[in-house]
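Peer 1: Take this structure, written in structure tokens, and hold onto it; I'll ask about it next.
The values are calculated or read from the model by the stated rules, or taken from the named source; none is laboratory data. Model, not experiment: these values are computed from the prediction. Note that each Cβ is placed from the backbone with ideal geometry, even for glycine, and that neighbours are counted across all protein chains shown. The area values use the complete protein model at the heavy-atom level, side chains included, leaving out ligands, DNA and RNA. Shrake-Rupley method; radii C 1.70, N 1.55, O 1.52, S 1.80 Å.
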Amino acid sequence: MNNKSEHLIIVESPSKAKTLKRFLGQNYNVEASVGHVRDLPKSDLGIDIDNGFTPKYVVSPDKKKVIASIKKAMDGASELYIATDPDREGEAIAWHLLQILKPSIPVKRLVFHEITQKAITEAFSHTRTIDENLVSAQETRRILDRMFGFLVSEKLWYNVKSRLSAGRVQSPAIKIIVDREKLRAAFIESEYWRITGTFLNGDDPFSTILISVGDQKVARGKDFDNTTGKLSVKNRLILTETLAKKFSTDWLAHDWKVQSVVQKPAVSHPSPPFITSTLQQEGVRKLHLSSKQVMSTAQHLYEGGYITYMRTDSVNLSSEAISGARAIIAEKFGGDYLPKAPRHYKNKVKNAQEAHEAIRPAGSVFRSPEELQGELSGLELKLYQMIWNRTIASQMASAQLLATTALISDGNAIFEARGKIIQFHGYLKVYVSGTDESNAAREDQETLLPKLINGQPVDCKALDPTRQATKPAPRYTEASLVKEMESLGIGRPSTYASIMELIQKRGYANKVKGALIPTFTAYAVVQFLEQYFTDLVDLQFTAWLEDQLDSISLAEMNAGKFLNGFYFGQNEHLGLKAELDQEYDKNLSRQILETSDKDGNPVSLKIGRYGIYLQNDGQNVTLPEDFVPSELTPVSVTDMFIHKNAEPEILGTFPENGESIQLLNGRFGHYLKAGDKMKSLLPEMDPESVSHEMAIQLLSLPKSLGKHDGNDVMADLGRYGPYIKCGSVNRKVMPPDNLLALTLERAVELLNASGQSSATQTLKVLGNDPASGDQVELKSGRYGDYVTDGKVNATLPKGTTGDQVTLEDALTLIQARREKGPAKRRFTRKKK
């Protein structure tokens with residue numbers, strides 16, 4: 001540094017540093033640690049259990065340059081401010097920085113929950129020391145997580161299948177979705193019928209539903225148990241098809257009258273401002289994002305100075321924030337929409353940090369989404385709009401509703417009509433909460449009924465019988481799983497998004513149309529843990545652990561004593577050590593469940609080295625990784641064995657070796673085989689459309705298309721799909737080009753295409769960035785695989801292969817690379 005700064009501030013991210021610099025003078029230098037700077041080693045446990053659970057920390061290899069840069073900046077500083085995030089993780093990073101830097105200058109902890117001029121000025125007036133209790137709580141969590149993840153996972157690897165993992169929060173989350181899938185598998189569908197009646201009041205039609213016949217109420221969906229499918233209440237008439245159709249025909253000519261009309265006023269109150277969990281839930285429901293995308297976008301907004309800190313479990317708003325919201329309500333909507341007194345919400349989350357605020361727009365004068373359209377775009381603007389709306393709505397007047405219930409009867413049967421009118425919109429003018437139920441009515445949705453009077457005759461226009469079926473409990477979505485975990489006290493704001501990502505990335509759940517469907521691998525893990533590590537998947541015990549860790553952060557419990565009791569046992573708890581030292585039955589651990597085929601023959605479902613498979617009388621059938629557990633039935637089991645034992649389809653003879661060409665289906669999809677020669681089908685190729693000629697063409701790959709610049713132009717089908725190669729230049733062949741019909745002239749055009757270096761190959765297109773719309777690709781370059789959005793390139797982490805990378809992973813890597821700034825160019829001095 002040429003100009004030595006008097007004050008050095010360390011934050012976590014470069015983007016936060018950039019925003020902070022806008023509010024500080026020339027005497028301040030801001031450096032970024034870029035997250036955690038040291039951690040437990042990856043190669044071993046890293047905890048000295050016999051020496052009071054002492055952790056062994058190592059500086060992350062990729063942070064050595066960061067540390068060197070900070071040390072250089074510290075040389076000329078007279079004072080050091082640690083301004084990492086205001087939570088346990090941020091406090092731990094601050095502590096680790098001091099342990100590494102060992103500063104000789106004064107050190108102060110700088111804490112702010114929003115990046116505004118006023119918040120920063122106040123933070124400088126209220127600096128403090130490192131909170132050792134928060135650090136101890138975070139360290140204890142890390143030690144617990146490492147013991148679970150390292151020691152228990154090791155048992156899973158050896159006794160069930162390699163590369164499986166257990167986790168303090170991850171495993172209970174998996175158990176929750178597995179238990180729900182088991183309920184769905186055991187569910188027995190029941191049929192019932194419903195009659196919908198359309199009646200006329202003059203020329204005005206209105207819709208009704210049959211609710212009773214004689215003195216018996218008609219069974220409706222809510223009367224059936226969603227875990228068993230059976231009727232859960234007594235004295236209900238279950239309409240059969242015959243009965244429903246008979247009633248619908250016989251009753252048309254009956255005389256119908258309005259038996260009663262009841263109107264009741266109702267009040268709908270606004271929801272509290274966002275906390276981390278509710279922000280994720282609404283982001284998933286309304287913006288159709290993953291939990292990780294919600295938190296990543298929220299972090300960009302926080303670091304840009306647009307919202308308050310996004311990891312919080314408090315619904316509190318500061319008095320200034322409330323005043324700011326009330327001023328906007330009075331100006332935009334008028335006095336009728338402003339309650340006489342400010343609204344104050346009570347935290348429902350256990351051990352919520354009351355000193356923190358809810359997630360809201362930054363500052364005391366909330367900038368409207370319209371004002372920010374030039375600064376924000378895409379997802380960031382949409383998420384800010386949602387946060388702004390929810391914050392304003394939380395301080396608005398309640399909505400006033402009028403609910404109407406009308407009963408229509410012929411003296412025997414009764415139909416019910418329901419209506420809802422919003423007499424005063426109140427907060428609904430600004431915000432309507434989302435729901436996980438696709439057929440649920442919105443809060444602001446009105447249902448109008450014509451004016452009806454008791455005793456008034458009405459005409460029956462139509463009676464429509466329809467078949468209904470009971471439905472099992474719905475699968476969890478990311479939103480509903482976060483809500484369930486929060487209600488059970490499992491996990492904390494900082495863990496929800498990472499757990500949602502982890503259980504999918506590790507193959508324990510697949511997200512299909514928003515629903516989280518567990519895999520049989522998840523079944524195997526949960527079963528093993530239930531048998532040998534009961535506490536790890538005991539939801540009450542996991543919640544108890546969270547409470548103990550919170551107690552450590554509040555200095556109500558000693559961390560060492562807690563860890564000692566947890567590992568070696570205490571009271572009725574055996575201790576982790578005893579569970580680790582027990583005998584394991586490997587064969588039993590690998591058997592997931594017993595089922596049967598449709599003839600009643602026993603069939604075992606097992607997990608093995610190559611995945612999940614069915615075993616029957618010495619025959620094995622491998623299940624696809626995305627097989628839905630609740631769809632494993634005797635019929636599906638039988639079909640899979642029939643398919644397995646069926647003779648492979650013969651497409652003809654392969655001229656090169658005279659062998660028959662077989663069309664087979666393996667672990668990685670359909671492929672062709674002729675003797676020792678094998679080849680996959682082209683992407684998107686329909687197996688049923690593969691002809692003998694096409695099969696010969698595929699099996700003949702690689703083939704030369706001709707010469708170019710003295711080299712053969714080769715066409716082939718590889719791991720990442722069809723491609724061409726000429727010398728050291730590779731090009732992927734993508735639609736509308738067809739590898740089998742590719743000419744030399746077209747291949748040369750692809751080879752000469754601009755925008756790709758000679759050493760670069762596009763491996764696959766991952767999708768589009770929701771915020772910018774840019775196409776994100778996985779590429780192979782001179783130094784290995786990387787992802788790019790056309791503007792920023794990010795190398796894949798060590799140990800990560802291209803086939804593991806999702807669009808979400810790519811966006812995270814690209815953002816991290818963007819925050820680090822442009823890569824430094826390396827120059828080599830030429831020898832004379």
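Peer 1: Here are some conditions: (1) open to solvent by 10 Å² or more (accessible area, probe 1.4 Å); (2) in contact with a Ser or Thr (Cβ under 9 Å, 6 or more places away or on another chain). VAL526 meets all but one. Which one does it not meet?
Peer 2: It is condition (1) that VAL526 fails.
Peer 1: Restricting to the range 121-150, count the residues that are part of a helix (DSSP H, G or I) and within 33 Å of the chain's Cα centre (by Cα).
Peer 2: Selection size over the range 121-150: 19.
Peer 1: So, one more: Do we have any residue at all in the range 703-724 that's under 22 Å from GLY611 (Cβ atoms) and either touching a Gly at 6+ places or on another chain (Cβ under 9 Å) or acidic (Asp, Glu) (or both)?
Peer 2: yes
Peer 1: Test VAL66 against the stated conditions and say whether it is touching a residue at least 12 places away in the same chain (Cβ under 8 Å) and over 27 Å from ALA559 (Cα atoms).
Peer 2: Values: touching a residue at least 12 places away in the same chain (Cβ under 8 Å): yes; over 27 Å from ALA559 (Cα atoms): yes.
Judged against the criteria, VAL66 is a match.
Peer 1: In this structure, is ASP803 open to solvent by 30 Å² or more (accessible area, probe 1.4 Å), out of contact with any Phe, Trp or Tyr (no Cβ under 7 Å at 6 or more places or on another chain), at pLDDT below 80 and more than 22 Å from PRO14 (Cβ to Cβ)?
Peer 2: yes
Peer 1: Does PRO822 satisfy the condition of being modelled with pLDDT of 70 or more and either assigned to a strand (DSSP E or B) or within 25 Å of GLN299 (Cα to Cα) (or both)?
Peer 2: The answer is no for PRO822.
Peer 1: Checking the structure you have, find out if any residue of the range 478-485 is within 23 Å of ALA393 (Cβ to Cβ) and either out of contact with any helix residue (DSSP H, G or I) (no Cβ under 9 Å at 6 or more places or on another chain) or without any contact (Cβ under 8 Å) to a residue 40 or more places away in the chain (or both).
Peer 2: no
Peer 1: For the range 68-95, what are the residues that are assigned to a helix (DSSP H, G or I) and open to solvent by less than 10 Å² (accessible area, probe 1.4 Å)?
Peer 2: ILE70, ALA73, GLY90, GLU91, ALA92, ILE93, ALA94
Peer 1: Still on this model: Return the residues of the range 151-174 that are assigned to a helix (DSSP H, G or I) and over 24 Å from the mean Cα position of the chain (by Cα); say none if nothing qualifies.
Peer 2: Within the range 151-174, LEU151, VAL152, GLU154, LYS155, LEU156, TRP157, TYR158, ASN159 qualify.
Each row is one residue, and each column tells you yes or no for (1) closer than 26 Å to ASN665 by Cα; (2) among the acidic types (Asp, Glu); (3) in a strand (DSSP E or B); (4) touching a residue at least 40 places away in the same chain (Cβ under 8 Å).
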site	(1), (2), (3), (4)
MET678	yes, no, yes, no
GLU693	yes, yes, no, no
LEU698	yes, no, no, yes
LYS707	no, no, yes, no
ASP712	no, yes, yes, no
TYR723	yes, no, yes, no
ARG731	no, no, yes, no
ASP737	yes, yes, no, no
ARG746	no, no, no, no
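Peer 1: Does GLN540 count as assigned to a helix (DSSP H, G or I), of a type in the set (S, T, N, Q), over 19 Å from PHE627 (Cβ atoms) and open to solvent by 20 Å² or more (accessible area, probe 1.4 Å)? Write out each step before concluding.
Peer 2: Numbers: assigned to a helix (DSSP H, G or I): yes; of a type in the set (S, T, N, Q): yes; over 19 Å from PHE627 (Cβ atoms): yes; open to solvent by 20 Å² or more (accessible area, probe 1.4 Å): yes.
So GLN540 passes the test.
Peer 1: So, one more: Given (1) closer than 29 Å to SER487 by Cβ; (2) open to solvent by 70 Å² or more (accessible area, probe 1.4 Å); (3) without any contact (Cβ under 8 Å) to a residue 40 or more places away in the chain, where does SER551 come up short, assuming only one miss?
Peer 2: (2)
Peer 1: Also, quick follow-up: Quick one: what pairs do we get from the range 45-56, first residue without any contact (Cβ under 8 Å) to a residue 24 or more places away in the chain, second aliphatic (A, V, I, L, M) and buried (at least 17 other Cβ atoms within 10 Å of the Cβ), C-beta under 8 Å, 6+ apart or different chains?
Peer 2: THR54/ILE47; LYS56/LEU40; LYS56/ILE47
Peer 1: If you don't mind, another one. Against the conditions (1) among the acidic types (Asp, Glu); (2) modelled with pLDDT under 95; (3) buried (at least 17 other Cβ atoms within 10 Å of the Cβ), where does GLU139 fall short? Just the number, please.
Peer 2: Only one criterion in (1) among the acidic types (Asp, Glu); (2) modelled with pLDDT under 95; (3) buried (at least 17 other Cβ atoms within 10 Å of the Cβ) is unmet by GLU139, namely (2).
Peer 1: Among the residues in the range 559-568, are any open to solvent by 50 Å² or more (accessible area, probe 1.4 Å), among the aromatic types (Phe, Trp, Tyr), modelled with pLDDT under 95 and in contact with a strand residue (DSSP E or B) (Cβ under 8 Å, 6 or more places away or on another chain)?
Peer 2: The answer is no, given that none of the residues of the range 559-568 is open to solvent by 50 Å² or more (accessible area, probe 1.4 Å), among the aromatic types (Phe, Trp, Tyr), modelled with pLDDT under 95 and in contact with a strand residue (DSSP E or B) (Cβ under 8 Å, 6 or more places away or on another chain).
Peer 1: Name every residue in the range 497-510 that is out of contact with any Pro (no Cβ under 6 Å at 6 or more places or on another chain) and either within 19 Å of ALA185 (Cβ to Cβ) or surrounded by 22 or more Cβ atoms within 10 Å (Cβ to Cβ) (or both), in order of residue number. Please lay out each step first, then the result.
Peer 2: Residues of the range 497-510 out of contact with any Pro (no Cβ under 6 Å at 6 or more places or on another chain): 497-508, 510.
Result: ALA497, ILE499, MET500, ILE503, TYR508, ASN510.
Peer 1: Could you list, in sequence order, all residues of the range 697-707 that are open to solvent by 40 Å² or more (accessible area, probe 1.4 Å) and either over 46 Å from the mean Cα position of the chain (by Cα) or of a type in the set (A, V, I, L, M, F, W, C) (or both)?
Peer 2: The one that is open to solvent by 40 Å² or more (accessible area, probe 1.4 Å) and either over 46 Å from the mean Cα position of the chain (by Cα) or of a type in the set (A, V, I, L, M, F, W, C) (or both): LYS707.
Peer 1: For the range 364-398, what are the residues that are hydrophobic (A, V, I, L, M, F, W, C), in contact with a helix residue (DSSP H, G or I) (Cβ under 6 Å, 6 or more places away or on another chain), more than 14 Å from THR308 (Cβ to Cβ) and at pLDDT 95 or above?
Peer 2: ILE392, ALA393, MET396, ALA397 - these are the residues of the range 364-398 that are hydrophobic (A, V, I, L, M, F, W, C), in contact with a helix residue (DSSP H, G or I) (Cβ under 6 Å, 6 or more places away or on another chain), more than 14 Å from THR308 (Cβ to Cβ) and at pLDDT 95 or above.
Peer 1: Still on this model: With a cut-off of at least 1 residues that are open to solvent by less than 50 Å² (accessible area, probe 1.4 Å), aromatic (Phe, Trp, Tyr) and out of contact with any helix residue (DSSP H, G or I) (no Cβ under 9 Å at 6 or more places or on another chain), name the strands (runs of 3 or more DSSP E) lying wholly within the range 188-234.
Peer 2: So the answer is 191-201, 204-213.
Peer 1: Related question: Of all residues in the range 554-586, which are touching a residue at least 24 places away in the same chain (Cβ under 8 Å), farther than 15 Å from GLN531 by Cα, out of contact with any Ser or Thr (no Cβ under 8 Å at 6 or more places or on another chain) and in a helix (DSSP H, G or I)?
Peer 2: Passing the criteria: GLY560, ASN564, PHE566, TYR567.
Peer 1: Only one of (1) open to solvent by 40 Å² or more (accessible area, probe 1.4 Å); (2) in contact (Cβ under 8 Å) with a residue 40 or more places away in the chain; (3) within 28 Å of PHE424 (Cβ to Cβ) fails for TYR306. Which number is that?
Peer 2: (3)
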